[in-house]
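The values are calculated or read from the model by the stated rules, or taken from the named source; none is laboratory data. Everything numeric in this text was worked out from a predicted model, so none of it was measured. Note: ideal-geometry Cβ built from the backbone for every residue, glycine included; neighbour counts use all protein chains shown. Just the protein is used for accessible areas: all its heavy atoms, side chains included, with ligands, DNA and RNA removed. Shrake-Rupley method; radii C 1.70, N 1.55, O 1.52, S 1.80 Å.
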Amino acid sequence: MNLKKKFSGLLALVLCLSMLAACGGEPAAPEEDAPEAENGQWQAVTLTDQAGREVTIENEPQKIVSGYYITTSLLIALDKQDSLVGIEAKADKRNIYSLAAPALIDLPNVGSAKDFNLEGCIALEPDLVILPLKLAEAADALAELDIPVLLVNPESRELLIEATNLIAQATGTQDKAEALLSYNEGKLDEIKGLLEGVEEKPTVYLAGNSDMLSTATSSMYQDSIITEAGGQNAAAEIEDNYWATISYEQLITWDPDYIVIVPEATYTVDDVLNTPQLANLSAVMNGHVYAMPSAFEAWDSPVPSGILGTLWMTSLLHSDVYSFETMQDAAADFYQTFYGFQLNKADLTQ
(Lines give C-alpha, C1' and ligand atoms only; values in the text may rest on other atoms or scores of the structure.)
Protein backbone atom coordinates (compact mmCIF):
# COMPACT_ATOMS: atom_id res chain seq x y z
CA MET A 1 0.00 0.00 0.00
CA ASN A 2 1.19 3.54 -0.80
CA LEU A 3 2.68 5.11 2.36
CA LYS A 4 0.86 8.39 1.78
CA LYS A 5 -2.53 6.63 1.66
CA LYS A 6 -1.63 4.40 4.57
CA PHE A 7 -0.87 7.33 6.83
CA SER A 8 -3.29 9.93 5.43
CA GLY A 9 -5.47 9.61 8.52
CA LEU A 10 -2.47 10.08 10.78
CA LEU A 11 -1.35 13.14 8.85
CA ALA A 12 -4.81 14.68 9.03
CA LEU A 13 -4.97 14.11 12.80
CA VAL A 14 -1.56 15.69 13.38
CA LEU A 15 -2.40 18.68 11.21
CA CYS A 16 -5.70 19.13 13.06
CA LEU A 17 -3.96 19.07 16.42
CA SER A 18 -1.45 21.60 15.12
CA MET A 19 -4.27 23.97 14.14
CA LEU A 20 -5.90 23.63 17.56
CA ALA A 21 -2.59 24.35 19.27
CA ALA A 22 -2.15 27.44 17.13
CA CYS A 23 -5.59 28.73 18.17
CA GLY A 24 -5.53 27.98 21.87
CA GLY A 25 -1.97 27.15 22.86
CA GLU A 26 1.24 29.08 23.24
CA PRO A 27 2.26 31.19 20.23
CA ALA A 28 5.09 29.81 18.13
CA ALA A 29 8.54 31.12 19.01
CA PRO A 30 9.77 33.82 16.62
CA GLU A 31 12.64 32.97 14.29
CA GLU A 32 15.07 35.09 16.25
CA ASP A 33 14.60 32.73 19.20
CA ALA A 34 16.00 29.82 17.19
CA PRO A 35 18.61 27.80 19.14
CA GLU A 36 22.18 28.89 18.76
CA ALA A 37 24.70 26.80 16.88
CA GLU A 38 28.12 26.15 18.36
CA ASN A 39 29.68 29.11 16.57
CA GLY A 40 26.84 31.59 17.17
CA GLN A 41 23.27 32.20 16.15
CA TRP A 42 21.81 29.46 13.97
CA GLN A 43 20.89 30.62 10.50
CA ALA A 44 18.18 28.83 8.54
CA VAL A 45 19.71 26.91 5.64
CA THR A 46 18.14 25.49 2.49
CA LEU A 47 19.90 22.45 1.07
CA THR A 48 19.48 20.26 -1.99
CA ASP A 49 19.67 16.63 -0.89
CA GLN A 50 20.92 13.72 -2.98
CA ALA A 51 17.47 13.14 -4.41
CA GLY A 52 17.40 16.70 -5.73
CA ARG A 53 14.86 17.85 -3.13
CA GLU A 54 15.11 21.28 -1.51
CA VAL A 55 15.05 21.01 2.28
CA THR A 56 15.04 23.93 4.69
CA ILE A 57 16.45 23.53 8.20
CA GLU A 58 14.96 26.42 10.17
CA ASN A 59 16.53 25.65 13.54
CA GLU A 60 19.56 23.73 14.71
CA PRO A 61 18.42 20.08 14.94
CA GLN A 62 18.07 18.92 18.51
CA LYS A 63 16.32 15.58 17.80
CA ILE A 64 17.65 13.62 14.86
CA VAL A 65 16.48 10.31 13.42
CA SER A 66 18.91 8.41 11.19
CA GLY A 67 17.45 5.51 9.24
CA TYR A 68 20.74 4.46 7.64
CA TYR A 69 23.82 2.93 9.27
CA ILE A 70 26.22 4.99 7.15
CA THR A 71 24.70 8.29 8.31
CA THR A 72 24.44 7.09 11.90
CA SER A 73 28.15 6.33 11.89
CA LEU A 74 28.83 9.69 10.26
CA LEU A 75 26.85 11.51 12.95
CA ILE A 76 29.10 9.90 15.58
CA ALA A 77 32.16 11.15 13.70
CA LEU A 78 30.57 14.63 13.63
CA ASP A 79 29.98 14.41 17.41
CA LYS A 80 26.19 14.54 17.05
CA GLN A 81 25.40 11.17 18.63
CA ASP A 82 23.75 12.86 21.62
CA SER A 83 21.19 14.44 19.29
CA LEU A 84 20.03 11.09 17.95
CA VAL A 85 16.63 9.94 19.21
CA GLY A 86 16.09 7.06 16.79
CA ILE A 87 18.20 4.96 14.43
CA GLU A 88 17.98 2.12 11.94
CA ALA A 89 17.21 -1.46 12.89
CA LYS A 90 19.85 -3.97 14.04
CA ALA A 91 21.94 -1.36 15.85
CA ASP A 92 23.18 -4.05 18.25
CA LYS A 93 24.94 -5.70 15.30
CA ARG A 94 27.08 -2.62 14.60
CA ASN A 95 30.34 -2.94 16.52
CA ILE A 96 31.19 0.72 16.01
CA TYR A 97 28.17 1.76 18.08
CA SER A 98 29.18 -0.44 21.02
CA LEU A 99 32.69 0.98 20.91
CA ALA A 100 32.01 4.67 20.24
CA ALA A 101 28.45 5.41 21.34
CA PRO A 102 26.90 2.47 23.25
CA ALA A 103 23.82 4.49 24.23
CA LEU A 104 22.66 4.35 20.61
CA ILE A 105 21.96 0.64 20.88
CA ASP A 106 19.05 1.28 23.23
CA LEU A 107 17.43 3.98 21.09
CA PRO A 108 14.10 3.25 19.37
CA ASN A 109 14.67 1.81 15.90
CA VAL A 110 12.74 3.02 12.88
CA GLY A 111 13.20 -0.11 10.81
CA SER A 112 15.09 -0.47 7.57
CA ALA A 113 14.90 0.59 3.96
CA LYS A 114 12.80 -2.52 3.31
CA ASP A 115 10.52 -2.06 6.31
CA PHE A 116 10.56 1.54 7.52
CA ASN A 117 8.46 2.40 10.58
CA LEU A 118 6.93 5.73 9.57
CA GLU A 119 4.58 5.92 12.57
CA GLY A 120 7.45 5.20 14.95
CA CYS A 121 9.58 7.88 13.34
CA ILE A 122 6.80 10.50 13.63
CA ALA A 123 6.22 9.56 17.29
CA LEU A 124 9.82 10.54 18.09
CA GLU A 125 9.00 14.14 17.06
CA PRO A 126 12.29 14.67 15.22
CA ASP A 127 13.32 18.02 13.80
CA LEU A 128 15.61 16.33 11.25
CA VAL A 129 15.37 12.90 9.64
CA ILE A 130 18.10 11.39 7.45
CA LEU A 131 17.11 8.49 5.21
CA PRO A 132 18.56 6.48 2.31
CA LEU A 133 17.40 7.32 -1.19
CA LYS A 134 15.20 4.21 -1.28
CA LEU A 135 12.87 5.79 1.29
CA ALA A 136 11.79 8.72 -0.90
CA GLU A 137 8.11 7.92 -0.35
CA ALA A 138 8.51 8.00 3.42
CA ALA A 139 10.40 11.30 3.10
CA ASP A 140 7.47 12.83 1.21
CA ALA A 141 5.04 11.69 3.92
CA LEU A 142 7.22 13.21 6.66
CA ALA A 143 7.64 16.43 4.70
CA GLU A 144 3.86 16.85 4.69
CA LEU A 145 4.15 17.13 8.48
CA ASP A 146 6.83 19.81 8.08
CA ILE A 147 9.52 17.43 9.30
CA PRO A 148 12.75 18.16 7.38
CA VAL A 149 14.12 15.04 5.69
CA LEU A 150 17.43 14.62 3.91
CA LEU A 151 17.67 11.76 1.43
CA VAL A 152 21.23 10.55 0.90
CA ASN A 153 22.87 8.11 -1.48
CA PRO A 154 26.53 7.65 -0.40
CA GLU A 155 27.26 4.79 -2.81
CA SER A 156 30.69 6.03 -3.90
CA ARG A 157 33.56 7.98 -2.35
CA GLU A 158 32.43 11.13 -4.17
CA LEU A 159 28.81 10.69 -3.07
CA LEU A 160 29.93 10.02 0.51
CA ILE A 161 31.86 13.30 0.51
CA GLU A 162 28.77 15.06 -0.83
CA ALA A 163 26.54 13.44 1.83
CA THR A 164 29.04 14.35 4.56
CA ASN A 165 29.01 18.02 3.57
CA LEU A 166 25.22 17.96 3.28
CA ILE A 167 24.69 16.54 6.76
CA ALA A 168 27.37 18.82 8.22
CA GLN A 169 25.53 21.89 6.90
CA ALA A 170 22.24 20.57 8.25
CA THR A 171 23.72 20.04 11.72
CA GLY A 172 26.19 22.92 11.99
CA THR A 173 29.24 20.64 12.09
CA GLN A 174 31.15 21.88 9.05
CA ASP A 175 34.45 22.15 10.94
CA LYS A 176 34.32 18.51 12.05
CA ALA A 177 33.33 17.38 8.56
CA GLU A 178 36.23 19.29 7.06
CA ALA A 179 38.64 17.64 9.49
CA LEU A 180 37.29 14.17 8.65
CA LEU A 181 37.40 14.70 4.89
CA SER A 182 40.85 16.30 5.03
CA TYR A 183 42.18 13.35 7.03
CA ASN A 184 40.85 10.85 4.48
CA GLU A 185 42.13 12.86 1.52
CA GLY A 186 45.54 13.14 3.17
CA LYS A 187 45.75 9.36 3.60
CA LEU A 188 44.81 8.81 -0.04
CA ASP A 189 47.54 11.23 -1.11
CA GLU A 190 50.02 9.43 1.15
CA ILE A 191 49.24 6.06 -0.41
CA LYS A 192 49.38 7.51 -3.91
CA GLY A 193 52.82 8.89 -3.19
CA LEU A 194 54.08 5.62 -1.75
CA LEU A 195 52.88 3.67 -4.79
CA GLU A 196 54.53 5.94 -7.33
CA GLY A 197 56.97 3.87 -9.33
CA VAL A 198 55.51 0.56 -8.09
CA GLU A 199 54.86 -1.34 -11.29
CA GLU A 200 53.41 -4.58 -9.91
CA LYS A 201 49.62 -4.48 -9.59
CA PRO A 202 48.38 -7.79 -8.17
CA THR A 203 44.92 -8.95 -9.22
CA VAL A 204 42.41 -9.13 -6.39
CA TYR A 205 39.17 -11.07 -6.34
CA LEU A 206 36.87 -9.45 -3.78
CA ALA A 207 34.38 -12.04 -2.58
CA GLY A 208 30.96 -10.94 -1.34
CA ASN A 209 29.51 -11.55 2.11
CA SER A 210 26.85 -14.09 1.17
CA ASP A 211 28.66 -16.22 -1.40
CA MET A 212 32.29 -16.64 -2.43
CA LEU A 213 31.14 -16.56 -6.07
CA SER A 214 29.64 -13.10 -5.63
CA THR A 215 32.06 -10.30 -6.48
CA ALA A 216 32.34 -6.53 -6.70
CA THR A 217 32.32 -5.16 -10.24
CA SER A 218 34.18 -2.22 -11.72
CA SER A 219 31.22 0.10 -11.14
CA MET A 220 31.16 -0.37 -7.38
CA TYR A 221 32.81 1.49 -4.50
CA GLN A 222 34.77 -1.64 -3.63
CA ASP A 223 36.62 -1.43 -6.95
CA SER A 224 38.18 1.88 -5.86
CA ILE A 225 39.56 0.26 -2.70
CA ILE A 226 41.50 -2.22 -4.82
CA THR A 227 42.78 0.27 -7.40
CA GLU A 228 43.73 2.92 -4.83
CA ALA A 229 45.72 0.24 -3.00
CA GLY A 230 47.74 -0.51 -6.11
CA GLY A 231 45.87 -3.57 -7.29
CA GLN A 232 43.63 -4.66 -10.15
CA ASN A 233 40.08 -5.87 -9.70
CA ALA A 234 39.85 -9.38 -11.17
CA ALA A 235 36.22 -8.59 -12.07
CA ALA A 236 37.03 -5.26 -13.73
CA GLU A 237 35.65 -6.50 -17.04
CA ILE A 238 32.15 -6.68 -15.54
CA GLU A 239 30.35 -3.35 -15.66
CA ASP A 240 27.51 -3.51 -13.22
CA ASN A 241 26.42 -1.40 -10.27
CA TYR A 242 25.81 -4.36 -8.00
CA TRP A 243 27.45 -7.60 -6.91
CA ALA A 244 27.83 -10.05 -9.78
CA THR A 245 27.47 -13.81 -9.44
CA ILE A 246 30.07 -15.78 -11.37
CA SER A 247 31.01 -19.44 -11.87
CA TYR A 248 33.97 -21.43 -10.60
CA GLU A 249 35.12 -21.61 -14.22
CA GLN A 250 35.19 -17.82 -14.48
CA LEU A 251 37.17 -17.48 -11.26
CA ILE A 252 39.65 -20.11 -12.47
CA THR A 253 40.05 -18.20 -15.74
CA TRP A 254 40.83 -14.98 -13.85
CA ASP A 255 43.24 -16.84 -11.52
CA PRO A 256 43.69 -13.88 -9.12
CA ASP A 257 46.81 -13.29 -7.08
CA TYR A 258 44.72 -12.55 -3.98
CA ILE A 259 41.25 -13.42 -2.74
CA VAL A 260 39.84 -11.03 -0.17
CA ILE A 261 36.63 -11.79 1.71
CA VAL A 262 34.61 -8.75 2.73
CA PRO A 263 33.59 -8.16 6.38
CA GLU A 264 30.57 -9.96 7.79
CA ALA A 265 30.84 -12.83 5.30
CA THR A 266 28.89 -16.00 6.01
CA TYR A 267 31.93 -18.17 5.20
CA THR A 268 35.60 -18.19 6.18
CA VAL A 269 39.09 -18.20 4.72
CA ASP A 270 39.29 -21.92 5.46
CA ASP A 271 36.10 -22.49 3.46
CA VAL A 272 37.77 -20.93 0.42
CA LEU A 273 41.04 -22.77 0.93
CA ASN A 274 39.20 -26.08 1.25
CA THR A 275 36.93 -25.68 -1.78
CA PRO A 276 38.07 -28.42 -4.20
CA GLN A 277 37.16 -26.43 -7.32
CA LEU A 278 39.60 -23.67 -6.27
CA ALA A 279 42.55 -25.84 -5.28
CA ASN A 280 44.68 -24.82 -8.27
CA LEU A 281 44.13 -21.09 -8.02
CA SER A 282 47.32 -19.08 -7.53
CA ALA A 283 45.81 -17.28 -4.52
CA VAL A 284 44.90 -20.58 -2.86
CA MET A 285 48.19 -22.35 -3.58
CA ASN A 286 50.18 -19.34 -2.29
CA GLY A 287 48.01 -18.89 0.78
CA HIS A 288 46.91 -15.45 -0.36
CA VAL A 289 43.33 -15.67 0.88
CA TYR A 290 42.40 -13.09 3.49
CA ALA A 291 39.37 -11.71 5.31
CA MET A 292 39.10 -7.96 5.69
CA PRO A 293 38.86 -6.99 9.42
CA SER A 294 35.29 -6.84 10.69
CA ALA A 295 35.76 -5.85 14.34
CA PHE A 296 34.78 -2.22 13.75
CA GLU A 297 32.90 -1.47 10.55
CA ALA A 298 32.53 -2.89 7.06
CA TRP A 299 35.50 -1.12 5.50
CA ASP A 300 34.51 -2.31 2.04
CA SER A 301 31.49 0.01 2.11
CA PRO A 302 31.41 3.82 1.81
CA VAL A 303 31.38 4.53 5.54
CA PRO A 304 33.37 7.44 7.06
CA SER A 305 36.11 4.95 8.02
CA GLY A 306 36.19 3.41 4.55
CA ILE A 307 39.65 4.90 4.00
CA LEU A 308 40.91 2.24 6.40
CA GLY A 309 39.85 -0.42 3.91
CA THR A 310 42.19 1.14 1.36
CA LEU A 311 45.02 1.33 3.90
CA TRP A 312 44.50 -2.30 4.91
CA MET A 313 44.45 -3.42 1.27
CA THR A 314 47.65 -1.47 0.59
CA SER A 315 49.42 -3.16 3.49
CA LEU A 316 48.29 -6.50 2.07
CA LEU A 317 49.36 -5.94 -1.54
CA HIS A 318 52.41 -3.72 -1.00
CA SER A 319 53.80 -4.37 2.46
CA ASP A 320 57.25 -3.29 1.27
CA VAL A 321 56.09 0.34 1.00
CA TYR A 322 53.26 0.34 3.57
CA SER A 323 53.50 -2.09 6.44
CA PHE A 324 50.67 -3.69 8.38
CA GLU A 325 52.03 -2.08 11.56
CA THR A 326 51.77 1.35 9.94
CA MET A 327 48.20 0.55 8.99
CA GLN A 328 47.40 -0.46 12.58
CA ASP A 329 48.75 2.86 13.84
CA ALA A 330 46.68 4.77 11.27
CA ALA A 331 43.50 2.91 12.25
CA ALA A 332 44.13 3.57 15.95
CA ASP A 333 44.68 7.27 15.25
CA PHE A 334 41.53 7.49 13.10
CA TYR A 335 39.20 5.96 15.67
CA GLN A 336 40.71 7.90 18.56
CA THR A 337 40.40 11.18 16.65
CA PHE A 338 36.92 10.81 15.18
CA TYR A 339 35.18 8.20 17.34
CA GLY A 340 36.81 8.75 20.70
CA PHE A 341 37.87 5.21 21.63
CA GLN A 342 41.15 3.34 21.82
CA LEU A 343 41.39 0.60 19.27
CA ASN A 344 42.65 -2.81 20.31
CA LYS A 345 45.26 -3.54 17.64
CA ALA A 346 44.83 -7.25 18.24
CA ASP A 347 41.40 -6.93 16.59
CA LEU A 348 43.11 -5.98 13.34
CA THR A 349 44.14 -9.02 11.36
CA GLN A 350 45.75 -9.69 8.03
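Keeping to the range 213-224, report how many residues are crowded, with 23+ Cβ neighbours inside 10 Å and at pLDDT 95 or above.
1
I'd like the residue in the range 92-121 that is β-branched (Val, Ile, Thr) and in a helix (DSSP H, G or I) and, out of all such residues, is most open to solvent (accessible area, probe 1.4 Å).
Ile105
Return a yes/no flag: does the range 324-331 have any residue that is surrounded by 19 or more Cβ atoms within 10 Å (Cβ to Cβ), in contact (Cβ under 8 Å) with a residue 40 or more places away in the chain and out of contact with any Lys or Arg (no Cβ under 9 Å at 6 or more places or on another chain).
No, every residue in the range 324-331 fails to be surrounded by 19 or more Cβ atoms within 10 Å (Cβ to Cβ), in contact (Cβ under 8 Å) with a residue 40 or more places away in the chain and out of contact with any Lys or Arg (no Cβ under 9 Å at 6 or more places or on another chain).
Being under 27 Å from Asp300 (Cβ atoms), out of contact with any Pro (no Cβ under 9 Å at 6 or more places or on another chain) and in a helix (DSSP H, G or I) is true for just one of Ala141, Ala89, Ala136, Ala163. Which residue is that?
Criteria check complete, one pass: Ala136.
Pairs only if they're at least six apart or on different chains, beta carbon under 8 angstrom, first in the range 44-55 and farther than 14 Å from Pro132 by Cβ, second assigned to a loop (DSSP other than H, G, I, E, B) and open to solvent by 50 Å² or more (accessible area, probe 1.4 Å); list them, first residue then second.
Once the first residue is farther than 14 Å from Pro132 by Cβ and sits in the range 44-55, its partners that are assigned to a loop (DSSP other than H, G, I, E, B) and open to solvent by 50 Å² or more (accessible area, probe 1.4 Å) give Ala44/Glu58; Ala44/Asn59.
If Leu133 passes every condition in (1) open to solvent by 10 Å² or more (accessible area, probe 1.4 Å); (2) of a type in the set (A, V, I, L, M, F, W, C); (3) farther than 26 Å from Ser305 by Cα but one, which one does it miss?
Every listed condition holds for Leu133 apart from (3).
Identify all residues within the range 265-307 that are open to solvent by less than 10 Å² (accessible area, probe 1.4 Å), over 13 Å from the mean Cα position of the chain (by Cα) and more than 26 Å from Gln250 (Cα to Cα); write none if there are none.
Pro293
In contact (Cβ under 8 Å) with a residue 12 or more places away in the chain, closer than 17 Å to Ser83 by Cβ and in contact with a helix residue (DSSP H, G or I) (Cβ under 9 Å, 6 or more places away or on another chain), is that true of Lys187?
No, not satisfied.
For the list (1) open to solvent by 60 Å² or more (accessible area, probe 1.4 Å); (2) of a type outside the set (S, T, N, Q); (3) in contact with a Pro (Cβ under 9 Å, 6 or more places away or on another chain); (4) within 25 Å of Glu264 (Cβ to Cβ), I need the number of the one condition that Arg157 fails.
So Arg157 meets the others, but not (1).
Which one of the conditions (1) under 30 Å from Ser218 (Cβ atoms); (2) surrounded by fewer than 19 Cβ atoms within 10 Å (Cβ to Cβ); (3) modelled with pLDDT of 95 or more does Asp140 fail to meet, given that it meets all the rest?
For Asp140, the exception is condition (1).
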